[in-house]
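Engineer: Got a structure for you, written out below as C-alpha cells; questions coming shortly.
The values are calculated or read from the model by the stated rules, or taken from the named source; none is laboratory data. As the structure is a prediction and not an experimental result, all values here were calculated from the model. Here the Cβ positions follow ideal geometry from the backbone for every residue, glycine too, while neighbour counts run over all protein chains shown. Areas reflect the complete protein model, heavy atoms only, side chains present, ligands, DNA and RNA absent. Shrake-Rupley method; radii C 1.70, N 1.55, O 1.52, S 1.80 Å.
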Amino acid sequence: MSLELSPAQVTELIKEEAGRLGFALVGVCRAVEPTGATRLGEWLARGYAGEMSYLAEREQAYSHPRHVLEGTRSIVMLGLPYRTAAAREPEKGQGRISRYAWGDGDYHDVIHAKLKQLLAVLRGAVPGTRARGVVDSAPLLEREFAQLAGLGWIGKHTLLINKPAGSYFFLAALLTDAELVYDESFGAEHCGTCRACLDACPTQAFVQPYVLDASRCISYLTIEHRSPIPRELRSGIGEWLFGCDVCQDVCPWNQKAPESEEPALAPLAESNPIELAALFELDDEAFRQRFRNTPLWRTKRRGILRNAAIVLGNQRAVGAVAALVRGLADEEALVRGACAWALGEIGEKLTRGALEERMATETDATVIAEVEFAMKALRK
C-alpha cells in the first residue's frame, strides 16, 4: 500500500503546521509571473527606489519565482502578526521606533527558524522535493503573491491588508516544486474612499493611492538611506528614530488587529520609546552589543546616530546639547553633519562655540556645509 500523500493532504498538513508555528495567515498560490513585475519597472524608472540600487540590479529576477527557486510550482504565503503593546508617546529627548523592532530579536531570525520547521514537515511529506523559505530578502513580490493566495488586498499605503488582521504582520514565503492545492485569489478591495494613510504621511511620500515614493518615506530615510537626509525632509521625520508606523496607525483596519503571541516580538521597555542622548555614548562595540541581533543593526551606528540627531533637532531638545556636541566630534562625517544641523535647530547660544571649533578643524565638505547652515540658523 502506498503511503504517498495527495496534494490536498500535503497542503492541509502544511497549513496545520504553519498555524501551530504561529503564522496566523496562510494561503497557497501557483508560481506564476506576477503582473506587478511591470509596475515595478515603471516604479524604478521614476526613481522612487532612492538609493536602493539592489532593486534595479535584481529587477529581472522579480519576473518569476523560478529565479528564487528553479522549478517552483507552488508558493505557500505566510503572515506572522507583530502588533504588541500600544505605542507610548515620547517625551522630549526620546525617539520612536517602528513597533516591529521593539523586541530584542530580529524578525528575520524568528521567521527563518519557523520556516526551517515548516520545510522539514514538507520534506517529510514529499521526499525529494526542492523547497526554500524566504523572508523579504529574495526577489519575490510577496504582497502580490499573498493576494493571489487569498490573504488580503494591497491597500492604498501599498501594504497588504487582511480584514481581521489588518496590516501589522510580516510576510514570508515557502517555495516548492511540489504541486499543492491553491486557494482562491483575493479579488476584492476594501479601502473604498478612505484616504487616511495618504493624508497622514508626514513627508507626503504617496504620489497617489497605491504608489509610494520610497525616497520620501520615513522608513526608507531612517533605515535604507545611507547619506545625509535631505534638509527639506528632516522636519517630517518628526520623532522617528527607526522606521515609521503612521500610515498603519491611522488605517481603520488596524484598529482591532489582534496582538501577537510571539514571545520574541515582545517589546522592551527601553524601545517604546527610546532615550536618544544615551546613544551618543555608544562606541562601535557597545552599539554592537546592544543592537547586533535586532532590526536596528541594519542601519548601523552611524545611521542611528544621524537619525537621533535629526529627532533631537526637530524637538529643539535643549537637554541633549551635550550629547550633540559630543556627536559633533564623531569619527563619522554622517553623524557630525547631522549633529551640526540639530544644534543649529536647537538654537542655544552656547552651541556657537562648539560649531566654530568644529569649523576650524573640519575637512569634510558635507559637514562644513552643515556647520555653515547651522551657524546661519543661529544668527537668525
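Engineer: Checking the structure you have, find out if any residue of the stretch 285-302 is open to solvent by 20 Å² or more (accessible area, probe 1.4 Å) and polar (S, T, N, Q). Give the derivation first.
Structural biologist: Of the stretch 285-302, the ones open to solvent by 20 Å² or more (accessible area, probe 1.4 Å) are 285-286, 288-290, 292-293, 297-298, 300-302.
Still in the running and polar (S, T, N, Q): 289, 293.
For the stretch 285-302, residues open to solvent by 20 Å² or more (accessible area, probe 1.4 Å) and polar (S, T, N, Q): present.
Engineer: Report, ordered by the first and then the second residue, all pairs with beta carbons closer than 6 Å, sequence separation of six or more or different chains, a first member in the stretch 199-221 that is within 18 Å of R143 (Cβ to Cβ) and charged (D, E, K, R), and a second member that is part of a strand (DSSP E or B) and open to solvent by 40 Å² or more (accessible area, probe 1.4 Å).
Structural biologist: Here the result reads D213/V207, each pair linking the stretch 199-221 to a residue that is part of a strand (DSSP E or B) and open to solvent by 40 Å² or more (accessible area, probe 1.4 Å).
Engineer: Within the stretch 89-111, is even one residue hydrophobic (A, V, I, L, M, F, W, C), within 22 Å of A173 (Cα to Cα) and more than 18 Å from the chain's Cα centre (by Cα)?
Structural biologist: Scanning the stretch 89-111, I find no residue that is hydrophobic (A, V, I, L, M, F, W, C), within 22 Å of A173 (Cα to Cα) and more than 18 Å from the chain's Cα centre (by Cα), so the answer is no.
Engineer: Something else now. For V318, are the conditions met, namely being β-branched (V, I, T), touching a helix residue (DSSP H, G or I) at 6+ places or on another chain (Cβ under 7 Å) and under 23 Å from F287 (Cα atoms)?
Structural biologist: no
Engineer: If you don't mind, another one. Please work out which residue is most open to solvent (accessible area, probe 1.4 Å), limiting yourself to the stretch 1-39 and to residues that are under 17 Å from Q147 (Cβ atoms) and part of a loop (DSSP other than H, G, I, E, B). Give the steps one after another, and end with the answer.
Structural biologist: So in the stretch 1-39, the residues under 17 Å from Q147 (Cβ atoms) come out as 23-39.
Filter once more, so that each one left must be part of a loop (DSSP other than H, G, I, E, B): 23-24, 31-35.
Numbers: F23: 7, A24: 68, A31: 13, V32: 51, E33: 129, P34: 5, T35: 97 Å².
Per the stated criteria, the residue is E33.
Engineer: Quickly run through the stretch 356-380 and pick out the residues that are in contact (Cβ under 8 Å) with a residue 12 or more places away in the chain and either open to solvent by 90 Å² or more (accessible area, probe 1.4 Å) or of a type in the set (V, I, T) (or both).
Structural biologist: E356, T366, V367, V371, E372, K376
Engineer: Among the listed residues R88, R96, identify the single one that is closer than 30 Å to V321 by Cα and assigned to a strand (DSSP E or B).
Structural biologist: Residue meeting the stated conditions: R96.
Engineer: Here is a further query. Of all residues in the stretch 226-237, which are open to solvent by 20 Å² or more (accessible area, probe 1.4 Å) and in contact (Cβ under 8 Å) with a residue 12 or more places away in the chain?
Structural biologist: Of everything in the stretch 226-237, those that are open to solvent by 20 Å² or more (accessible area, probe 1.4 Å) and in contact (Cβ under 8 Å) with a residue 12 or more places away in the chain turn out to be R226, S227, P228, R231, S235.
Engineer: Take the stretch 116-160 and flag every residue that is in a helix (DSSP H, G or I), in contact (Cβ under 8 Å) with a residue 12 or more places away in the chain and open to solvent by 10 Å² or more (accessible area, probe 1.4 Å).
Structural biologist: Passing the criteria: K116, Q117, L119, V121, A125, E142, R143, E144, Q147, L148.
Engineer: Kindly indicate which of C247, C251 is within 27 Å of Y54 (Cα to Cα), in contact (Cβ under 8 Å) with a residue 40 or more places away in the chain and surrounded by 21 or more Cβ atoms within 10 Å (Cβ to Cβ).
Structural biologist: None of the others qualify; the one that does is C247.
Engineer: Could I ask something else about it? Would you point out which residue out of Y62, Y48 is among the hydroxyl-bearing types (S, T, Y), open to solvent by less than 40 Å² (accessible area, probe 1.4 Å), assigned to a loop (DSSP other than H, G, I, E, B) and within 28 Å of Y168 (Cβ to Cβ)?
Structural biologist: Working: Y62 fails: assigned to a loop (DSSP other than H, G, I, E, B).
Residue meeting the stated conditions: Y48.
Engineer: Can I ask one more? Return only the number of the condition from (1) open to solvent by 30 Å² or more (accessible area, probe 1.4 Å); (2) part of a strand (DSSP E or B); (3) not polar (S, T, N, Q) that L241 does not satisfy.
Structural biologist: The number of the failed condition is (1).
Engineer: Right, something else. Within the stretch 259-269, is even one residue open to solvent by 40 Å² or more (accessible area, probe 1.4 Å), of a type in the set (A, V, I, L, M) and within 22 Å of S167 (Cβ to Cβ)?
Structural biologist: Narrowing the stretch 259-269 to residues open to solvent by 40 Å² or more (accessible area, probe 1.4 Å): 259, 261, 263, 266-269.
If we keep only those that are of a type in the set (A, V, I, L, M) as well, we get 266, 268-269.
Next, only the ones that are within 22 Å of S167 (Cβ to Cβ) stay: 266.
Yes, because at least one residue in the stretch 259-269 is open to solvent by 40 Å² or more (accessible area, probe 1.4 Å), of a type in the set (A, V, I, L, M) and within 22 Å of S167 (Cβ to Cβ).
Engineer: Another question about this same structure. Collect the residues in the stretch 161-194 that are part of a strand (DSSP E or B) and either free of Cβ contacts under 8 Å to residues at least 60 places away in the same chain or among the small types (G, A, S) (or both), keeping them in residue-number order.
Structural biologist: Of the residues in the stretch 161-194, the ones part of a strand (DSSP E or B) are 161-162, 166, 169-176.
Hits for the stretch 161-194 are G166, A172, A173.
Engineer: With the requirement that a residue be in a helix (DSSP H, G or I) and open to solvent by 80 Å² or more (accessible area, probe 1.4 Å), what does the stretch 65-83 give you?
Structural biologist: Hits for the stretch 65-83 are R66, H67.
Engineer: Let me ask another. Looking at A338, A322 in this structure, which one is at pLDDT 95 or above and under 17 Å from G303 (Cβ atoms)?
Structural biologist: Answer to the selection: A338.
Engineer: In the stretch 84-106, what count of residues is obtained for those that are of a type in the set (G, A, S), open to solvent by less than 40 Å² (accessible area, probe 1.4 Å) and within 22 Å of A309 (Cα to Cα)?
Structural biologist: 4
Engineer: Identify all residues within the stretch 200-218 that are touching a strand residue (DSSP E or B) at 6+ places or on another chain (Cβ under 8 Å) and in a helix (DSSP H, G or I); write none if there are none.
Structural biologist: Residue satisfying the conditions is I218 alone.
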